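**Student:** Pasting a structure below so you can have a look.
The values are calculated or read from the model by the stated rules, or taken from the named source; none is laboratory data. On a predicted model such as this, the values are computed, not experimentally measured, just so you know. All Cβ positions, glycine included, derive from the backbone under ideal geometry; neighbour counts span all protein chains shown. For accessibility, only protein heavy atoms count, side chains too; no ligands or nucleic acids. Shrake-Rupley method; radii C 1.70, N 1.55, O 1.52, S 1.80 Å.
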Amino acid sequence: GEQVVVLAGASTFAAEVDRACRDRGFFYVVGHGVDPALCDRLASLAAEFFALPDDEKSRIAMEHGGRAWRGWFGVGDELTSGRPDRKEGLYLGAELPADPRPLHGPNLWPERPAGLRDAVAEYLAATASVGQHVLDGMAIGLGLGGGWFRRGLTADPLVLFRLFHYPP
């Protein structure tokens, strides 16, 4: 069966993460504190965005995002193993200033629906916090001490996020 890890006390959590990584190689986290209402609100706002006409969504097409790799793409515009996908998507990430590095830079935000930007920012903050907590558990399990990843490798993480819509 699957391994479930519940966010709890640091030592208990670290032991569960360590056991899951060593025994199963994977796990899923419950009790993480990301508000289900936030997830529902984000899903609803994403559905509103994807219901907009393509000409409106194309105002923030990925071609306008440059090397930041942000923005909207339509059904069939993305390839997987050389074949067009049957989905559309909106690529977002941490809100960053213009930057010459790939995957770094500002997001392209649609005018509608109102609230999408705030919901994405709130969701990214919540999930990035959970990710850092999971890495703390891994570090403790490896005998490196909590915060080992935060002090170095993930001190300034590159956070990317994608919303997808798969038409019927």
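**Student:** Which residue pairs have Cβ atoms closer than 7 Å, lie 6 or more positions apart in sequence or on different chains, and pair a first residue in segment 115-135 that is open to solvent by less than 50 Å² (accessible area, probe 1.4 Å) with a second residue that is among the charged types (D, E, K, R)?
**Tutor:** Within 7 Å, the pairs are 119/41; 132/150.
**Student:** A further question follows. Do you know which of the residues in segment 22-67 that are in contact with an Asp or Glu (Cβ under 7 Å, 6 or more places away or on another chain) and open to solvent by less than 90 Å² (accessible area, probe 1.4 Å) is farthest from residue 138 (Cα to Cα)?
**Tutor:** The extreme case among them is 50.
**Student:** Of everything in segment 147-157 that's open to solvent by 40 Å² or more (accessible area, probe 1.4 Å) and touching an Asp or Glu at 6+ places or on another chain (Cβ under 9 Å), which residue is nearest to residue 129 (Cα to Cα)?
**Tutor:** Here is the first cut: in segment 147-157, the ones open to solvent by 40 Å² or more (accessible area, probe 1.4 Å) are 148, 150-153, 155-157.
Now drop any that are not touching an Asp or Glu at 6+ places or on another chain (Cβ under 9 Å), which leaves 148, 150.
Values: 148: 15, 150: 11 Å.
Looking at residues that are open to solvent by 40 Å² or more (accessible area, probe 1.4 Å) and touching an Asp or Glu at 6+ places or on another chain (Cβ under 9 Å), I get 150.
**Student:** Identify, from the list 124, 163, 135, 144, the residue that is in a loop (DSSP other than H, G, I, E, B) and of a type outside the set (Lys, Arg). Steps first, please.
**Tutor:** Working: 124 fails: in a loop (DSSP other than H, G, I, E, B); 163 fails: in a loop (DSSP other than H, G, I, E, B); 135 fails: in a loop (DSSP other than H, G, I, E, B).
Sole residue among the options that is in a loop (DSSP other than H, G, I, E, B) and of a type outside the set (Lys, Arg): 144.
**Student:** Ok, one more. Could you check segment 21-41 and list, in sequence order, the residues that are at pLDDT below 90, touching a helix residue (DSSP H, G or I) at 6+ places or on another chain (Cβ under 8 Å) and of a type in the set (A, V, I, L, M)?
**Tutor:** 29
**Student:** Suppose we keep only residues that are part of a loop (DSSP other than H, G, I, E, B) and of a type in the set (Gly, Ala, Ser) within segment 83-110. Which one would you say is most open to solvent (accessible area, probe 1.4 Å)?
**Tutor:** Going through the qualifying residues, I end up with 98.
**Student:** Got a sec? Which helices (runs of 4 or more DSSP H) wholly within segment 9-65 have at least 2 residues that are in contact (Cβ under 8 Å) with a residue 40 or more places away in the chain and among the acidic types (Asp, Glu)?
**Tutor:** 10-23
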